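Computed from the coordinates by the stated procedures, all read-outs in this text should not be read as laboratory data. Source: prediction; values computed, not measured. Cβ coordinates were reconstructed from backbone atoms using ideal geometry, including for glycine residues, and neighbour counts include every protein chain displayed.
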């Protein structure tokens, strides 16, 4: 039999495997990504957006080097979610959840010794020291959250239970969660576990399917510290909420700690039982906001040192002034500048940084928070946030609801679906319709009229939105 022909794609894959190592290839590419080299581009099919972002941020440079080595020239690299990989990954996750449940210790056994048990939270393995309290950069935006994390480490479960950390994506919630657990896993007297709310849900459902709920409960209710990431995932899942409530009650009053992270304040997560919300807000709820200029500059300095690439202060200041988003945005910009310098074989200067970031990000003011928008709009119209979240359709409430949706779409990074969910669990088409209607009002320079508690009022749609934006950004 003739040997199989080795293709160009095979050669590039072989080079990439050698560059990043077998273990990282197995973890991030095997079963999760497929590479194909076409005449005019390199296509990378991925299982989901998280894997796409991770591969772009960590392995795009090595892939580009492998392509250049084999072809003698650069090709653009595109990442796309591939349906068959998405479904394969989802099926594997469900099988893993069922297997995990089957391996649980049965209820009724004597309580085991207290080994530290920690599972992967988000995408970072628990043993990886990337996220620690020591390398968390503290500023006005996160000082309270950091202090609460330190307190949780010093006296877990004694002073602040539960600890609820919330803020937009990429601001450091998972970093703090891992920073706490990184310290606590060194305590041999504590049983510690960290998982996402989706994992908790899947394992609960797997326990129901396999008749192993007792084992599931034994596993999660006999811990000293339970950390749940993305707890907003529980929204609308009544059975899982009920199970989590009973699990939470097992910790309450026993000097044991539950830590949660979410993209919203407990009272802003729609379709969550009031009994859960009341327990969450009875502890310490801390907020992470977007970093200011000085904090962004220190974050960039810290990230550059972690990458082993110290960068001049003037370059860090330029990036901090240009990229006004999340910590992930800052890290991505820094990675791009370093890669740009390496590929061009040039030092990192302000000129090079401007070139590298020219098509990376558009300078913009800090994004607003949906809560701030709701507060200003409802105060202006004299209605309540509960009115805006309700299904009531009076003219004044409908107007306030539409204006909130329009401003949320313009001033935040939330999608139509996310705005709809956070505003009372509505359908995303409601937000789309509101935005479409107000585009027409602005286009036609139309006036908007309403009656408040004292008088009939009227403003142009443009002036109304401009006035509210000024109030929100004050």
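How large is the convex hull of the C-alpha atoms of the stretch 230-356 per residue, in Å³?
Each residue corresponds to 149 Å³ of Cα convex hull volume.
For the stretch 293-357, report the convex hull volume of the alpha-carbon atoms normalised per residue, in Å³, without decimals.
Each residue corresponds to 69 Å³ of Cα convex hull volume.
Of 345, 173, how do they rank once you tally other Cβ atoms within 10 Å and put the fewest first?
345, 173
Just how many % of Cα pairs in the stretch 117-288 lie over 20 Å apart, if you round to the nearest whole percent?
48
Could you give the C-alpha radius of gyration of the stretch 370-473 expressed as a fraction of 2.2 N^0.38 Å, taking N as the number of residues it contains?
Here the Cα radius of gyration is 0.98 times the empirical estimate.
Where the centre of each part is set by its Cα atoms, how far does the stretch 33-83 sit from the stretch 151-180, in angstrom?
Cα centroid of the stretch 33-83 versus Cα centroid of the stretch 151-180: 36 Å apart.
In deg cm²/dmol, rounded to 500, what helix-only [θ] at 222 nm does the chain give when every DSSP H run of at least 4 residues adds -39500 (n - 2.57) and the total is split over its residues?
The helix-only estimate for the chain comes to -16500 deg cm²/dmol at 222 nm.
Which order results if 178, 428, 265 are arranged by neighbouring Cβ count within 10 Å, fewest first?
428, 265, 178
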